[in-house]
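I have placed the structure first, in the form of structure tokens, so that the comments after it can refer back to it.
The values are calculated or read from the model by the stated rules, or taken from the named source; none is laboratory data. None of the values given here were measured: they were computed from a predicted structure. Here the Cβ is made from the backbone with ideal geometry for all residues, glycine too, and neighbour counts use every protein chain on show. Surface areas here come from the heavy atoms of the whole protein model, side chains and all, with no ligands, DNA or RNA. Shrake-Rupley method; radii C 1.70, N 1.55, O 1.52, S 1.80 Å.
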Amino acid sequence: MTKRLIFLGPPGAGKGTQAKILSQKEEIPHISTGEILRAAKEQGTPLGQQAKSYMERGELVPDRLMLDLIRERLSRPDAHEGWILDGFPRNVEQASFLEALLKDLGQSADAAINLDVPDHVILERLLERGRDDDTAETVRRRLEVYREQTAPVIDFYRDRGLHLVNGDRPPETITADLQALLNHHAS
Ligand code: AMP
């Protein structure tokens, strides 16, 4: 049974943490567009150089870069058996693109999971995390961008298998819920 999951939710909701744990348990790749971009930035590749200033400002990297990136990643052999997408799609255009891309690849997503966390918790978590794009100003901008551009993606998935999961609980409890959800889909 292939498993294809899309993790939605604001920055700091715990998507990365949960996606990592589930990908190990389920032995499917964890595809984090943020991690791919950070690696590209560190290596100084053309993608990294183009993405850098957007990331440092808390803005979305332009779709023309993101769409190529995700097409290339999902076309790789290790993605044929399933995947967990973390950080993509980040706007409605990306969500429509993903749907068309998956159709081309003969795949479809099993579920989209929105990890929900109150704003004050997000702010605390992001400011504690200390990633180099986690300065107070960038965090504020990332949250604005989330509300303006990414939150509408939740509506896109409402009639396409959306699950709402409370992300303001101990990580193990959230993992257990997510596994139950996955097993439900697999049965
Ligand atoms: P993340 O690790 O998911 O918080 O992503 C870190 C940064 O990478 C974001 O603030 C954006 O600048 C960029 N980024 C990651 N994923 C995307 C995406 N799907 N579309 C546009 N920009 C992205």
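Based on what the data block shows, is GLU72 without any contact (Cβ under 8 Å) to a residue 40 or more places away in the chain, out of contact with any helix residue (DSSP H, G or I) (no Cβ under 9 Å at 6 or more places or on another chain) and not in a loop (DSSP other than H, G, I, E, B)? Outline the logic, then answer.
Working: without any contact (Cβ under 8 Å) to a residue 40 or more places away in the chain: yes; out of contact with any helix residue (DSSP H, G or I) (no Cβ under 9 Å at 6 or more places or on another chain): yes; not in a loop (DSSP other than H, G, I, E, B): yes.
In short, yes.
Of everything in the stretch 22-56 that's more than 9 Å from the ligand (Cβ to nearest atom), in a helix (DSSP H, G or I) and in contact with a strand residue (DSSP E or B) (Cβ under 9 Å, 6 or more places away or on another chain), which residue is least open to solvent (accessible area, probe 1.4 Å)?
This residue is LEU22.
What's the total number of residues in the stretch 1-21 that are in a helix (DSSP H, G or I), open to solvent by 10 Å² or more (accessible area, probe 1.4 Å) and more than 10 Å from the ligand (Cβ to nearest atom)?
Residues of the stretch 1-21 in a helix (DSSP H, G or I): 15-21.
Subset that is open to solvent by 10 Å² or more (accessible area, probe 1.4 Å): 15-17, 20-21.
Subset that is more than 10 Å from the ligand (Cβ to nearest atom): 17, 20-21.
Residues meeting the conditions: 3.
Do we find a residue being modelled with pLDDT under 95 and either exposed (fewer than 15 other Cβ atoms within 10 Å of the Cβ) or within 16 Å of the ligand (Cβ to nearest atom) (or both) anywhere in the stretch 81-102?
Yes, the stretch 81-102 has at least one match.
Are any residues in the stretch 155-178 away from the ligand (no atom under 16 Å from the Cβ), in a helix (DSSP H, G or I) and either in contact (Cβ under 8 Å) with a residue 24 or more places away in the chain or closer than 23 Å to ILE21 by Cβ (or both), and if so, which ones?
Passing the criteria: PRO171, GLU172, THR173, ILE174, THR175, ALA176, ASP177, LEU178.
Is one or more of the residues making up the stretch 37-46 at pLDDT below 95, aliphatic (A, V, I, L, M) and farther than 18 Å from TYR146 by Cα?
no
Please go through the stretch 59-69 and pick out each residue that is buried (at least 21 other Cβ atoms within 10 Å of the Cβ) and more than 7 Å from the ligand (Cβ to nearest atom).
None - no residue of the stretch 59-69 is buried (at least 21 other Cβ atoms within 10 Å of the Cβ) and more than 7 Å from the ligand (Cβ to nearest atom), so the list stays empty.
Within the set of pairs 6+ apart or on separate chains, which have a first residue in the stretch 141-154 that is touching a residue at least 60 places away in the same chain (Cβ under 8 Å), a second that is part of a helix (DSSP H, G or I) and open to solvent by 60 Å² or more (accessible area, probe 1.4 Å), and C-beta atoms under 7 Å apart?
Close Cβ pairs (under 7 Å, with a partner that is part of a helix (DSSP H, G or I) and open to solvent by 60 Å² or more (accessible area, probe 1.4 Å)) amount to ARG141/ARG57.
Could you please let me know if PRO77 is within 11 Å of the ligand (Cβ to nearest atom), without any contact (Cβ under 8 Å) to a residue 40 or more places away in the chain and surrounded by fewer than 14 Cβ atoms within 10 Å (Cβ to Cβ)?
No, not satisfied.
Condition first: near the ligand (Cβ under 10 Å from one of its atoms) and among the hydroxyl-bearing types (Ser, Thr, Tyr). Now tell me which residues in the stretch 125-154 satisfy that.
Passing the criteria: THR138, TYR146, THR150.
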